[in-house]
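The structure under discussion appears below in the form of structure tokens.
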Amino acid sequence: MDIDEQAVRSGRDNAEQNNVDAQFFLPDSLPQGQFDVVVANILANPLRMLGEMLAARTKQGGRIVLSGLLDEQAEELGGIYSQWFDLDPAETDEGWARLSGVKR
């Protein structure tokens with residue numbers, strides 16, 4: 001999921017070119033139901049606002065991956081998402097962070 005329509009189109013194109021079975025959505029077009037893996041590569045502010053919805057779309061025992069956030073935002077977002085997920089320690093690289101975890 002991404003909030004940028006161009007990023008969704010690009011993700012679909014890349015998946016098709018690489019024979020990867022993946023679905024890409026904007027938040028308002030995200031289908032009902034739950035998924036084994038939910039990936040959101042968006043900035044911290046939208047991740048704050050979409051937490052409950054992303055948690056609802058992740059199956060129990062499913063994995064969430066959040067990227068697009070700065071190192072200094074990882075702790076705060078981890079606190080938000082830890083309501084629903086057992087999170088792994090944040091992975092960081094050149095000022096950017098990735099959070100991932102399993103839904104309880």
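The values are calculated or read from the model by the stated rules, or taken from the named source; none is laboratory data. Remember, it's a predicted structure, so these values are computed and weren't measured experimentally. Reconstructed Cβ throughout: ideal geometry from the backbone, glycine too, with neighbour counts over all protein chains shown.
A few points about this structure:
- No other residue among R48, R9 is assigned to a helix (DSSP H, G or I), over 23 Å from A97 (Cβ atoms) and out of contact with any Pro (no Cβ under 8 Å at 6 or more places or on another chain) apart from R9.
- Only one entry in G79, G51 is at pLDDT 95 or above, touching a helix residue (DSSP H, G or I) at 6+ places or on another chain (Cβ under 8 Å) and not β-branched (V, I, T), namely G51.
- Within this structure, S29 fails the test of being of a type outside the set (A, V, I, L, M) and under 14 Å from the mean Cα position of the chain (by Cα).
- Top-ranked residue of segment 51-104 - restricted to ones that are in a helix (DSSP H, G or I) and in contact (Cβ under 8 Å) with a residue 40 or more places away in the chain, ranked as surrounded by the most Cβ atoms within 10 Å (Cβ to Cβ): L54
- A single entry from A44, A22 fulfils the requirement of being at pLDDT below 95 and touching a helix residue (DSSP H, G or I) at 6+ places or on another chain (Cβ under 7 Å): A22.
- Residue, nearest to I3 (Cα to Cα), within segment 24-35, restricted to residues that are in contact (Cβ under 8 Å) with a residue 12 or more places away in the chain and part of a loop (DSSP other than H, G, I, E, B): L26
- Qualifying residue in segment 8-22 (condition: of a type in the set (D, E) and touching a residue at least 24 places away in the same chain (Cβ under 8 Å)): no
- Residue list for segment 39-64, restricted to those being closer than 14 Å to V8 by Cβ and within 10 Å of the chain's Cα centre (by Cα): V39, A40, N41, I42
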